[in-house]
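Novice: Please read through the structure below; I'll follow up with questions.
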Amino acid sequence: MTSTGASVQSLGIGEVAERTGLSVHALRFYEREGLLVGPVQRTSGGRRRYTSLDVEWLLICVKLCESGMPLADLKYFAELVRHGPGNEAERLRLLDGHRQRVDAQIQALEECRSVIAWKVGVYADHLARGEADGLWDPRPRGT
């Protein structure tokens, strides 16, 4: 039991891979790169054992990676968390900067989706009328 009363699970690398969607290879990479906030415990036989807190942290890392956070920023964020209280403003600055980049990517993708939706409508309309007039044709005209 932890001091908060919650029990701490001990999970093998395969279980953590299943829960996080990361491969065993990726989990080992995360550990080597210092992306975990605490040391990975080992059994007497040398097998890795993770806690439920490790899994929660890894799930956050997965989302940060999927959203395009650079590895260097993720490493820095993990380092800040490892250092404990007192650097929350820096963590906020890092996360807010990343959120702003993600927001810009979302806006750009929404603009792309709008163009695609318009073009889908153009093609659907022409096909519904049974005509191809007005659609791009790569063949030269008048030949």
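The values are calculated or read from the model by the stated rules, or taken from the named source; none is laboratory data. This structure is a prediction, so every number in the text was calculated from the model and none was measured. FYI the Cβ positions are ideal-geometry reconstructions off the backbone, even for glycines, and counts take in every protein chain you see.
Novice: Restricting to the stretch 32-59, name every residue that is acidic (D, E) and either without any contact (Cβ under 8 Å) to a residue 12 or more places away in the chain or not assigned by TED's automatic domain parsing to the domain that holds P70 (or both). Spell out the reasoning first.
Specialist: The initial filter retains those residues of the stretch 32-59 that are acidic (D, E), namely 33, 54, 56.
E56 - this is the single residue of the stretch 32-59 that is acidic (D, E) and either without any contact (Cβ under 8 Å) to a residue 12 or more places away in the chain or not assigned by TED's automatic domain parsing to the domain that holds P70 (or both).
Novice: Suppose we filter the stretch 37-53 for residues that are out of contact with any helix residue (DSSP H, G or I) (no Cβ under 6 Å at 6 or more places or on another chain) and within 15 Å of L74 (Cα to Cα); how many remain?
Specialist: The initial filter retains those residues of the stretch 37-53 that are out of contact with any helix residue (DSSP H, G or I) (no Cβ under 6 Å at 6 or more places or on another chain), namely 38-39, 41-47, 49, 51-53.
From what is left, the residues that are within 15 Å of L74 (Cα to Cα) are 38.
Summing the residues that are out of contact with any helix residue (DSSP H, G or I) (no Cβ under 6 Å at 6 or more places or on another chain) and within 15 Å of L74 (Cα to Cα) in the stretch 37-53 gives 1.
Novice: Name the one entry in S10, S67, S44, S23 that is exposed (fewer than 14 other Cβ atoms within 10 Å of the Cβ), touching a strand residue (DSSP E or B) at 6+ places or on another chain (Cβ under 6 Å) and of a type in the set (S, T, Y).
Specialist: On the way: S67 fails: touching a strand residue (DSSP E or B) at 6+ places or on another chain (Cβ under 6 Å); S44 fails: touching a strand residue (DSSP E or B) at 6+ places or on another chain (Cβ under 6 Å); S23 fails: touching a strand residue (DSSP E or B) at 6+ places or on another chain (Cβ under 6 Å).
Just one listed residue meets the conditions, S10.
Novice: Right, next: Looking at the stretch 95-137, which of its residues are part of a helix (DSSP H, G or I) and among the small types (G, A, S)?
Specialist: First, the residues of the stretch 95-137 that are part of a helix (DSSP H, G or I): 95-129.
Selection gives G97, A104, A108, S114, A117, G121, A124, A128.
Novice: Can you tell me which of (1) assigned by TED's automatic domain parsing to the domain that holds G34; (2) loosely packed, with under 14 Cβ neighbours inside 10 Å; (3) assigned to a helix (DSSP H, G or I) is the one L92 doesn't meet?
Specialist: (1) is the only condition that L92 fails.
Novice: Going by what's in this entry, would G21 be described as on the phi > 0 side of the Ramachandran plot and modelled with pLDDT of 95 or more? Reasoning before the result, please.
Specialist: Numbers: on the phi > 0 side of the Ramachandran plot: yes; modelled with pLDDT of 95 or more: yes.
Considered against the rule, which asks whether it is on the phi > 0 side of the Ramachandran plot and modelled with pLDDT of 95 or more, G21 comes out as yes.
Novice: Now, a different point. Within the stretch 107-118, is even one residue within 30 Å of L135 (Cα to Cα) and either among the hydroxyl-bearing types (S, T, Y) or touching a residue at least 40 places away in the same chain (Cβ under 8 Å) (or both)? Quick ask: steps written out before the conclusion?
Specialist: Going through the stretch 107-118, the residues within 30 Å of L135 (Cα to Cα) turn out to be 107-118.
Among the residues that remain, those that are also either among the hydroxyl-bearing types (S, T, Y) or touching a residue at least 40 places away in the same chain (Cβ under 8 Å) (or both) are: 114.
Yes, some residue in the stretch 107-118 is within 30 Å of L135 (Cα to Cα) and either among the hydroxyl-bearing types (S, T, Y) or touching a residue at least 40 places away in the same chain (Cβ under 8 Å) (or both).
Novice: Another question, if that's okay. What are the residues in the stretch 49-72 that are out of contact with any Lys or Arg (no Cβ under 6 Å at 6 or more places or on another chain) and either polar (S, T, N, Q) or over 30 Å from Q107 (Cα atoms) (or both), if any? Walk me through how you get there before you give the answer.
Specialist: Quick first cut of the stretch 49-72, residues out of contact with any Lys or Arg (no Cβ under 6 Å at 6 or more places or on another chain) only: 49-54, 56-72.
Matches in the stretch 49-72: R49, Y50, T51, S52, L53, D54, S67.
Novice: Any residue that is modelled with pLDDT of 95 or more, surrounded by 14 or more Cβ atoms within 10 Å (Cβ to Cβ) and over 14 Å from the mean Cα position of the chain (by Cα) - is there at least one of those in the stretch 98-106?
Specialist: Among the residues of the stretch 98-106, not one is modelled with pLDDT of 95 or more, surrounded by 14 or more Cβ atoms within 10 Å (Cβ to Cβ) and over 14 Å from the mean Cα position of the chain (by Cα), which makes the answer no.
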